[in-house]
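Novice: Got a structure for you, written out below as C-alpha cells; questions coming shortly.
The values are calculated or read from the model by the stated rules, or taken from the named source; none is laboratory data. Predicted, not measured: the structure shown is a model, and the values here were computed from it. When we count neighbours, we look across all protein chains shown, and the Cβ atoms used for this are built from the backbone with ideal geometry, even at glycine. Accessible surface areas use protein heavy atoms only, side chains included; no ligands, DNA or RNA. Shrake-Rupley method; radii C 1.70, N 1.55, O 1.52, S 1.80 Å.
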Amino acid sequence: MLSIFDWIRQTKTGSELLATLQYFQNHSSELSQTQEAISGPVSLFNRPCKRCWLYHCHDNQKLLYCKTCLAIIARAKMLGHQSRQAIVVWGHVAGLPKQLESKTGFYSSNIQGSYIHDTQHFMIVMNRFKLKTWIQELLIYHGTDMKGLIQIFPTTGQIKRGTMGDIICRAIHQDSRFPMDMLRIRFFSKPYQLFTPHVREQKGLLTFEVRNFLKLLEMASIFRSLLRPEDQQILLDMTKLKNKSEEQFLWGRLTGYLSSEAKDMLNAWKFRQWSKNQITLIYELLDYVKYTS
C-alpha cells in the first residue's frame, strides 16, 4: 500500500503535487483502508494503473488509471494557474513550526497544501507572494529557537530534466548537509537548479541565514515599489553593458527622471557597485514580492 509520500514522489508536475496534497487532506482515512485492489501481473487481460503501476484500473475498463490516480489527474487539470504561482518549501528542522499540524494561524488560509513527514521534516506549498509573510511569522513565533534548513523552489510543469517528484527527492537528498546550529534558507529560482546546486552556491546565490534572506526580500519589495517595470528593465540592461561611457550616459539619463525616493534608494545601496550576482539575486526575488504604494 502506498503512503502519502509515495504518492508525492509520483507527481510529474506542480499541479499534480497540489492535487495530491489536497486529495489526501480530504481522503486521509483511505490510507488505512483497503480501497483499491492490487493489480496482478501485466498480461493481455490484466493491466495495472498506467500512472502508479500498482493498483488495478478503475471498474470502467476503458480507463487506464486507478481510482486515486484518476481523481488526482482530474483535480490537477483545474490547478494549473495556482501551480504556476506556487512555490514548494521543504524543511528539515529541529522542531516543526507551531500551528502547522493544527492548521491554525498562517496555515489556516495562506497555504495551498502541506505534508508532515515526521517530527523534523515538512513540506508546504504556497503562493510565492506569501513567502515573506511566512518567514516573518516563523521568526515571530520561533526566533532563534528554530534551527535547520529550509529549501525553497518553484513548482514545475512538464520538463525533460525531471518530474516534480524527482525535484522533491533531490531536495530531500540535500537536506542534511548542514548542522542544526542556525536556520538557513536555500533559495532556488528555478526547479531544475536542484540538480546542480553547486552552480548557485559558487555564485553566492543559494544559502542564506534566515534573517539575511528576509532582508533581501524586503529590499526586493522596496526596489519593486520605487521603480516602474520599465525602469527596472533599463537598469538591468545598463548593468550588462561593457562600455563604461555608454553605461555612464544611461545612468545619468535614468536618474534624471527617477523619483527622489528611487534615486536615494539606489545611492544608499551603492547599486552601481553591486556585483552581477547581487543584481541577479535581487531581480530573481522581484517575483516573490508585491508592489506596495
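Novice: Name every residue in region 140-153 that is farther than 26 Å from Gln82 by Cα and surrounded by 15 or more Cβ atoms within 10 Å (Cβ to Cβ), in order of residue number.
Specialist: Passing the criteria: His142, Met146, Lys147, Gly148.
Novice: Inside region 46-96, can you point out the residues that are modelled with pLDDT of 95 or more and assigned to a strand (DSSP E or B)?
Specialist: Ala86, Ile87, Val88, Val89, Trp90, Gly91, His92, Val93
Novice: Kindly indicate which of Gln248, Gln202, Gln233 is closer than 30 Å to Asp181 by Cα, in a helix (DSSP H, G or I) and open to solvent by 70 Å² or more (accessible area, probe 1.4 Å).
Specialist: Exactly one residue qualifies, and that residue is Gln202.
Novice: Quick one: in region 267-276, which of the residues that are in a helix (DSSP H, G or I) and either at pLDDT below 95 or on the phi > 0 side of the Ramachandran plot (or both) is least open to solvent (accessible area, probe 1.4 Å)?
Specialist: By that ranking, first place goes to Phe271.
Novice: Then there's this: Within region 138-145, can one find any residue that is under 17 Å from the mean Cα position of the chain (by Cα) and not in a loop (DSSP other than H, G, I, E, B)?
Specialist: Within region 138-145, one or more residues are under 17 Å from the mean Cα position of the chain (by Cα) and not in a loop (DSSP other than H, G, I, E, B).
Novice: Now a separate question. Applying the selection to region 251-266, what residues are closer than 22 Å to Glu218 by Cβ, open to solvent by less than 90 Å² (accessible area, probe 1.4 Å) and not polar (S, T, N, Q)?
Specialist: Result: Leu258, Ala262, Lys263, Met265, Leu266.
Novice: Let me ask something else. Of the conditions (1) in contact with a helix residue (DSSP H, G or I) (Cβ under 8 Å, 6 or more places away or on another chain); (2) surrounded by fewer than 22 Cβ atoms within 10 Å (Cβ to Cβ), Thr156 satisfies every one except a single condition; which number is it?
Specialist: The failed condition is (2).
Novice: Follow-up question, since we're still on this one. Arg161 is checked against (1) closer than 26 Å to Asp145 by Cβ; (2) open to solvent by 60 Å² or more (accessible area, probe 1.4 Å); (3) touching a residue at least 24 places away in the same chain (Cβ under 8 Å); (4) not in a helix (DSSP H, G or I) and fails just one. What number does that condition carry?
Specialist: Unmet condition: (1).
Novice: Turning to a different aspect of this structure: How many residues are surrounded by fewer than 20 Cβ atoms within 10 Å (Cβ to Cβ) and among the hydroxyl-bearing types (Ser, Thr, Tyr) when one looks only at region 3-29?
Specialist: Of the residues in region 3-29, 3 are surrounded by fewer than 20 Cβ atoms within 10 Å (Cβ to Cβ) and among the hydroxyl-bearing types (Ser, Thr, Tyr).
Novice: Identify, from the list Ser15, Ser43, the residue that is modelled with pLDDT under 90 and not in a strand (DSSP E or B).
Specialist: The conditions single out Ser43.
Novice: Please indicate, with yes or no, whether at least one residue in region 196-204 is in contact with a Leu (Cβ under 7 Å, 6 or more places away or on another chain), closer than 23 Å to Gln82 by Cβ and either modelled with pLDDT of 95 or more or of a type in the set (Lys, Arg) (or both).
Specialist: no
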